[in-house]
1. Scan the helices (runs of 4 or more DSSP H) fully inside the range 328-437 and keep the ones with 2 or more residues being touching a strand residue (DSSP E or B) at 6+ places or on another chain (Cβ under 7 Å) and touching a residue at least 60 places away in the same chain (Cβ under 8 Å).
2. Within the range 443-460, can one find any residue that is in contact with a helix residue (DSSP H, G or I) (Cβ under 8 Å, 6 or more places away or on another chain), surrounded by fewer than 18 Cβ atoms within 10 Å (Cβ to Cβ) and either at pLDDT 95 or above or assigned to a helix (DSSP H, G or I) (or both)?
3. Restricting attention to the range 508-522, does a residue exist that is in contact with a Ser or Thr (Cβ under 6 Å, 6 or more places away or on another chain) and closer than 30 Å to Q309 by Cβ?
4. Any residue at all in the range 493-506 that's more than 18 Å from D297 (Cβ to Cβ), touching a residue at least 12 places away in the same chain (Cβ under 8 Å) and assigned to a loop (DSSP other than H, G, I, E, B)?
5. Failed condition for Q146, given (1) within 30 Å of I246 (Cβ to Cβ); (2) open to solvent by 30 Å² or more (accessible area, probe 1.4 Å); (3) modelled with pLDDT under 70; (4) outside any loop (DSSP other than H, G, I, E, B), with all others met?
6. If I go through the range 359-408 residue by residue, how many of them are under 24 Å from N438 (Cα atoms), polar (S, T, N, Q) and open to solvent by less than 60 Å² (accessible area, probe 1.4 Å)?
7. Look at G356 and say whether it is open to solvent by less than 20 Å² (accessible area, probe 1.4 Å) and either in contact with a Lys or Arg (Cβ under 9 Å, 6 or more places away or on another chain) or within 21 Å of I443 (Cβ to Cβ) (or both).
8. Among the candidates S268, S285, which residue alone is assigned to a loop (DSSP other than H, G, I, E, B), within 24 Å of E389 (Cα to Cα) and open to solvent by less than 80 Å² (accessible area, probe 1.4 Å)?
Amino acid sequence: MPDPTSANIQFANYLRKHLALAENVLHIAERNAAAQQRTLLRWLAQEKILSGNILMHHCAAAFSLPTYDLTHHPPPTDIHLSVDFMQRHQLIPLHKSDGHVHVGCVDPTDQACLDAIVFNTGYSVVPYVIAYDQCTLYLQTHFTAQHTTTSRLLEHIHRSDETQSSQNQTDEDNAAILATPLVQLVDHIILQAQTIGASDIHIEPAEHHCRIRYRRLGVLETLQEIPNRLARRMITRLKVMAKLDIAEQRLPQDGRFPFKNIDIRISSCPLFTGEKIVLRLLDTSRTPPELNRIGLDAHQQTLLQTALQQPQGMILVTGPTGSGKTTTLYAALNYLNQPEKNITTLEDPVEIRLNGINQININHRIGLGFAAVLRALLRQDPDIIMIGEIRDAETAEIAMHAAQTGHLVLATLHTPHAIATLTRLHAMGIATHYITNNVKLIIAQRLVRTLCPHCKTQGCSQCVNGFAARTALYEILPLTEKFISSLTATQTFPSQQHLQKTAETEGFVCLQQAGQKKVAEGVTTADELTRILGVNT
């Protein structure tokens, strides 16, 4: 293999020659990989810019290496590499033969890793290229579960408790907060959630036990039930990590803490049976999404791009919590991000770091709320402003003022669909003429699970019960002249039914229709659509 720098250049040139990535995306990838001291191949794999299989085949062709399918490969018994080493370098030992050890690598350009295998095994290395997602799943299935299971850690903690049973109860509990097995258990639960792509962890005390659940692809799954006494220690450990008040268990608390390459938001809430904790996992190193990769069809993308090209006005993205609104806004900001533009965001919290954009983290504890920051921001000569969420009339009024005075404003709002957004703004006290003069486009969206391309419904090693990922459903409402006329035609604010009919005459496609199209295309199922949108009445 060439040296790391030469390998990066060779692989970049291959991707460029074969048009595997757009030039601007490749440029960003090279820059970010260098800044984060990762090889280009590893950066593309970990950021999932290309699918695991596609990246594997490009790598194999670029460096004239064979590929290897891990689907039915049994765990090796004659090659001993540490689990940490395999996870860190994303590799799987395959087999030994004639003085050679055959190894599957996500990144065969990592020469230091290959040299370390030679040193530790005494064998020459024969590298194969494997898919990143296959490697992650294989490590989780055959190694992580073997060596660091929740059950083993629980047993370890239980044995430690037995040896300390003669100590004072309070002293024991205080010492246990930082006890190594407990720390390992908390870390393992978070790492496992990250490995399987979970967005949230729920720690829920009941009368006789505590349930731990992960939310994956929008659906909660039970991981483990643990004793309440252990759960209290875990919760205390998490509150210490987030610098929350461990003595306060009667009032809700919110905080955050970094964990490896993710940012974790923590929320505590007192229940009758104890204190519940929810952790939201945010990967701040994620690459900003592209507009053409978030689920918009060609017509929807044209509508959004047209609105984004306006020098001023407001674009609103709406939907419930967890419907992908922030991803849509980041894709829009990525599209707008140019050196000649002053772009600033107000977020709670910042979820993805965007180079070239000023990002403000809202902090309500010190009075740094959306309205206060937005007022100050208007004196900072902004061109484009993104507001993480319009929560009150004051923020809505300032945002409208900003949109009217020469700024492009992007914001989210919690309403069930696009038409309801207009009613919500009116209910917040925003005058009709302010709405019609400033709001250019309203987007409502939901996330639905997509069928696994390998098994479709049965479930396999590549998916969760037949679903492999999620995609967005969109309804997009441009405020055209005809639609604005329907808003201002009467003295009273028109009903949602009236506005819906007017929009439909101009080709408006609602979420239900967008979902039915996805079902017809075999992307998702009718049951999944009903789960997300309810029964279409």
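The values are calculated or read from the model by the stated rules, or taken from the named source; none is laboratory data. Everything numeric here is computed off the predicted structure, so don't read it as measured data. All Cβ positions, glycine included, derive from the backbone under ideal geometry; neighbour counts span all protein chains shown. For accessibility, only protein heavy atoms count, side chains too; no ligands or nucleic acids. Shrake-Rupley method; radii C 1.70, N 1.55, O 1.52, S 1.80 Å.
1. Values: elements: 370-377, 393-404, 418-427.
Ranges flagged: 393-404, 418-427.
2. no
3. The first filter runs over the range 508-522 and keeps only residues in contact with a Ser or Thr (Cβ under 6 Å, 6 or more places away or on another chain), leaving 518.
Those left that are additionally closer than 30 Å to Q309 by Cβ: 518.
Among the residues of the range 508-522, at least one is in contact with a Ser or Thr (Cβ under 6 Å, 6 or more places away or on another chain) and closer than 30 Å to Q309 by Cβ, which makes the answer yes.
4. Residues of the range 493-506 more than 18 Å from D297 (Cβ to Cβ): 493-502, 505.
Among the residues that remain, those that are also touching a residue at least 12 places away in the same chain (Cβ under 8 Å) are: 493, 496, 498-500, 502, 505.
Now drop any that are not assigned to a loop (DSSP other than H, G, I, E, B), which leaves 493.
Checking the range 493-506: at least one residue is more than 18 Å from D297 (Cβ to Cβ), touching a residue at least 12 places away in the same chain (Cβ under 8 Å) and assigned to a loop (DSSP other than H, G, I, E, B).
5. (1)
6. The total comes to 2.
7. Working: open to solvent by less than 20 Å² (accessible area, probe 1.4 Å): no; either in contact with a Lys or Arg (Cβ under 9 Å, 6 or more places away or on another chain) or within 21 Å of I443 (Cβ to Cβ) (or both): yes.
No.
8. On inspection, the qualifying residue turns out to be S285.
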